[in-house]
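First up is the structure itself, then whatever we jot down about it.
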Amino acid sequence: MASDADYRLPRTVVPFHYDIEIEPDIEGASFVGSVGIEIDVAEATDKVILNAIELELSEATVTVGDTLHRATVSLDEKSERATLTLDTELPVGPARVTITFKGTLNDDLRGFYRSRYTTDEGVEKTIATTQFEATDARRAFPCWDQPDFKATYTVTLIVDEGLMALSNAAETSRETLSSGRVKVSFAETMKMSTYLVAFIVGELEATEPLDVDGTPLRIIAPPGNKHLTAFALDIGAHSLRYYSKYYDIPYPGDKLDMVAIPDFSFGAMENLGCITYRETALLLDAEKATQAETQRVADVIAHEIAHMWFGDLVTMKWWNGIWLNEAFATFAEMKCVDAYKPGWKRWLAFSGFRAMSQETDALQATRPVELEVVSPEEANAMFDVLTYQKGSAVLRMLEQYLGEDTFRAGVIRYLKTHAYANTDTPDLWAALEAESGQPVGEIMDTWIFQGGYPLVTVSTDNSGYRLSQEHFRFLGKGDKTWQIPVLYRSASGDGRILLGEDPVTIESGEGLVINAGGEGFYRVNYEGDLREEIVGRLSDLDPIERYSVVSDTFASVLAGDAMGSDFLSLVSTLADESELDVWAVTLSGLDELDRVVSSADRSALQDFVVGLVSEKANELGWRVDEGESERTRAMRGLLLKSMGILGKDQETIERARAVYSSDGDRDPEVADAALMIVAGNGSADDFGGFIRASNAASNPQTKIRYLRAATQIPDREAAERMFQMVLRGEIRSQDAFWVVAMLLGNSETGAYVWDLITTNWDATVAAMPVLNVRRMLDLVQYRSEPDVAASIMEWFEAHEVPSGEKHVAQKMEQLQVRVALRARERTRLGQALDG
């Protein structure tokens, strides 16, 4: 079993500054470079050990004062280390390590890699770009590649004339060399971790700098995309100002470039001063994008800019604490975007994130938000729904319990205390305790260091309302307890308590609501008459509280504690619902039931859907009224899709095809609804048109929209054509995982696609970046047909997925949950519908 010593570098030598010079040969897919590293020798030693992988180190020296020592270099690929051995010991004190090296510009979307785009004239262009998190800076230059070895960096890039060169700090000079190449030098960065270093070279185009209170902000992208940058500039400027005020600390960089990369394995990367993004997460045609597409761009930009403080300025000591970075940035993005567009009701929409993480966290195969991490593979596995969504949700719960001003004061204390340094989770708790006087560590350790979450049961006794907790799970029983910050409301007013292992009784008036405000990371079970009473006044609850009641009810259905008919009875009261997100959670549950109900009873469920949705859908219609909010337009799109796809309403399907085939501008939500309805009821004849439209799209969102539609056609021929495009590399590798995932999740063709995957397993895995392979299983839980499910579980007993052991275990358990749901509800649901 691997230990920390196998992956954590010794601290006998500590770097404090890097001078990096890189000269990429983009056409030759290679680069040469040199690095000079200023070090402090803490203990006399004849060895300098640092990280390097996929590099050829040609010469290494260590200089102490005026004395130069030549080193013998040895590389250990397994530990990803280079050892420089000297013929004499280095004395304690300062020294300088100099290494020359060369490497390959890979196509793996990690380290220093190639990304390609095609111009409007059909010419393919290649850029060289970096992605170093978690542990891939060592693929670009030798370094102490772990977060607690912070240093400053000066980067120099030698590039062909006419190419743009970017790094973390502002450009300070450029010099044309005798070779005709250009030497571009950048200012020294702040003290930061290696995974935040970035350099990019290629034919790119930048907007004019926008001065944001002294910080120049630019959007940079392949040529021809300037018309898609206005929204990013706007939300980027808002985010810089918002966080500078919220954190009470100025932006820590000297400039901010936000760069669209055509091939990118993640959504974005928070490199200080040089944030990189997928094109879909940065470039936007605001006139053609849906509200969800626009909101995603805002979310991602706000998330990455939040990291400039929380993650870059203050960084976790080791990868077990990655949640400190990602959960807080997710929490902060919600606050920032909510301030930017209050009409989007971002915290209400965040309920979907919370519910998503609760599904995983209700499994036996869940994990704590923070747990021991040893190897790079384990570090990469931490980037999941529990780190981002659960982590941010429990922070929001804590903020609401402590109060927003108190919470912010604790965050400011934490950042100012630990600026330019590294922290562990208790450091954040200590700052919040100092400001609040509350036992924050005692409370939050139960949420961060153990997996799962509670079900709070509400009952009545002679003294008032009795609250108790138990471990909520879909399968089996759990034995954990939590310190639960419970907010409640009744006719008597608002209250809060800390519910521990023992039940408590509260005195409260009528109309009790537990989890008032809906931000608690727990589910609520109202017993007996209390359940009838809460359902009877569902429309009087805040929208986020209605969302929680619907979400909690369907979770009970998945756990077998409630019947599908109970869920139908609840949502039947929501026909006049006016909130997008309450409709979304309602229709999500109905879609789940549609996947398991018998074919003989499916038409009855379709009739139920149409009966529930049609009044509101018809009220909104297909035409947009002047002055409608973005969320109202988004709700129209959602309801029309539910009518045509889930409800199979023929009139809606025919209208959708007419709208899809018509010329002229259409509201983006209506256009998206028509496209997806056509796809969900389409055939192989539609496939070619979708692919052509995707290839011809003038913006990233439309391109992806048509690609997504192609995965939803309920036709085997279309599914196989899409799958073969993945194998042939006709789908960008960055998109391959989600295309395969959506094909696998298709109700009609997913089982057939599973056979294609197993028959072509090695080619499927090779078609996507190694860090994304596990994500192709994101919808595998919907393959709950008993024979298919058995085949899937047997397959993964014999086949490993990179960085995917925990993810696969969770997906297999989610699959078991759906198999059990199918067994319970397949015929029982039809009987309830007939009744």
Enumerate by residue number the trypsin sites (Lys or Arg not before Pro) in the range 517-557 meeting two conditions: DSSP loop (anything except H, G, I, E, B), and at most 12 other Cβ atoms within 10 Å of the site's Cβ.
Arg537
For the range 474-521, what Kirkwood radius comes out of the mean inverse Cα-Cα distance, in Å?
12.1 Å
What is the gain in length, in nm to one decimal, between Ser662 and Arg181 on full extension, counting 0.36 nm per residue of separation less the C-alpha to C-alpha distance?
168.0 nm
The range 1-63: relative contact order from alpha carbon pairs under 8 Å, six or more residues apart, as a whole percent, is 34 percent
Which lysines, if any, have their Cα less than 18 Å from the Cα of Lys390, not counting same-chain residues under 8 positions apart?
Lys335, Lys480, Lys806, Lys811
Relative intensity, log₁₀ I(q)/I(0), of the range 544-619 from a Debye sum that treats every alpha carbon as a point, q = 0.15 Å⁻¹
-0.48
In the chain, if the dipole is taken from +1 on Lys/Arg beta carbons and -1 on Asp/Glu beta carbons about the Cα centre, which of Gly611, Ala151, Val32 is farthest to the positive end?
Gly611
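Let me check against my output: what whole-number percent is the relative contact order of the chain, with C-alpha pairs under 8 Å and at least 6 apart? Working shown, then result.
Numbers: 1640 pairs, mean separation 66.9, N = 835.
Reported relative contact order: 8 percent.
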Longest principal axis of the chain (C-alpha) makes with the long axis of helix 425-436 (C-alpha) an angle, in degrees to the nearest 10, of 70 degrees
Relative contact order (percent) for the range 697-835, with alpha-carbon contacts under 8 angstrom and 6 or more residues of separation?
21 percent
More than 21 angstrom separation, counting every C-alpha pair in the range 1-146; what % is that?
46 percent
Work out from phi, with θ = phi - 60° and the Karplus expression 6.51 cos²θ - 1.76 cosθ + 1.60, the ³J(HN,Hα) of each residue of the range 734-744, listed in order in whole Hz, and give x for Gly and Pro.
5, 9, 4, 5, 6, 5, 5, 4, 6, 4, 5
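Show that you can apply the helix-only estimate: for the chain, add -39,500 (n - 2.57) for every DSSP H stretch of four or more residues, divide by all residues, and state [θ] at 222 nm to the nearest 500.
-13000 deg cm²/dmol
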Which length gain, in nm to one decimal place, applies between His418 and Lys125 when the Cα-Cα distance is subtracted from 0.36 nm times their residue separation?
101.2 nm
What FRET efficiency, computed as 1/(1 + (r/R0)^6) with R0 = 56 Å and r the Cβ-Cβ distance, is obtained for Ser588 and Asp76, rounded to the nearest 0.05?
0.70
Taking θ as phi - 60°, what are the ³J(HN,Hα) couplings along the range 718-724 by the Karplus curve (6.51, -1.76, 1.60), each to the nearest whole Hz, with x for Gly and Pro?
5, 4, 5, 4, 5, 5, 5
Equivalent-ellipsoid semi-axes (√(5λ), Cα gyration tensor) for the chain, whole Å, largest first?
46, 33, 26
Taking only C-alpha positions in the range 359-453, Rg and Dmax in angstrom work out to 14.2, 39
Charge dipole (debye, nearest 20) of the chain; +1 at Cβ of Lys and Arg, -1 at Cβ of Asp and Glu
360 debye
Across the range 556-567, in residue order, what do the Karplus-derived ³J(HN,Hα) couplings come to in whole Hz, using 6.51 cos²θ - 1.76 cosθ + 1.60 with θ = phi - 60° and x for Gly and Pro?
5, 5, 4, 7, x, 8, 9, 9, x, 5, 5, 5
For the range 280-383 the GluC sites (Glu not before Pro) that pass both the DSSP coil test and the at-most-15 other-Cβ-within-10 Å test are Glu287, Glu372
Could you do me a favour and compute the accessible area per residue for the chain, 1.4 Å probe, result in Å²?
37 Å²
Could I have the simple spin-label model distance between Ser569 and Trp795, label points 7 Å from Cα toward Cβ, reported in nm to one decimal?
3.9 nm
If Thr72, Thr702 are ordered by their accessible area, calculated over protein heavy atoms with a 1.4 Å probe, which sequence runs from highest to lowest?
Thr72, Thr702
Filter the GluC sites (Glu not before Pro) in the range 474-571 to those in DSSP coil with at most 16 other Cβ atoms within 10 Å of their Cβ, and list the result.
Glu501, Glu507, Glu510, Glu527
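If you roll a 1.4 angstrom probe over the protein chains with everything in place, what fraction of the accessible area of the chain belongs to carbon and sulfur, to the nearest %?
Answer for the chain is 45 percent, counting heavy atoms of protein chains only.
The values are calculated or read from the model by the stated rules, or taken from the named source; none is laboratory data. Everything numeric in this text was worked out from a predicted model, so none of it was measured. Note that each Cβ is placed from the backbone with ideal geometry, even for glycine, and that neighbours are counted across all protein chains shown. Just the protein is used for accessible areas: all its heavy atoms, side chains included, with ligands, DNA and RNA removed. Shrake-Rupley method; radii C 1.70, N 1.55, O 1.52, S 1.80 Å.
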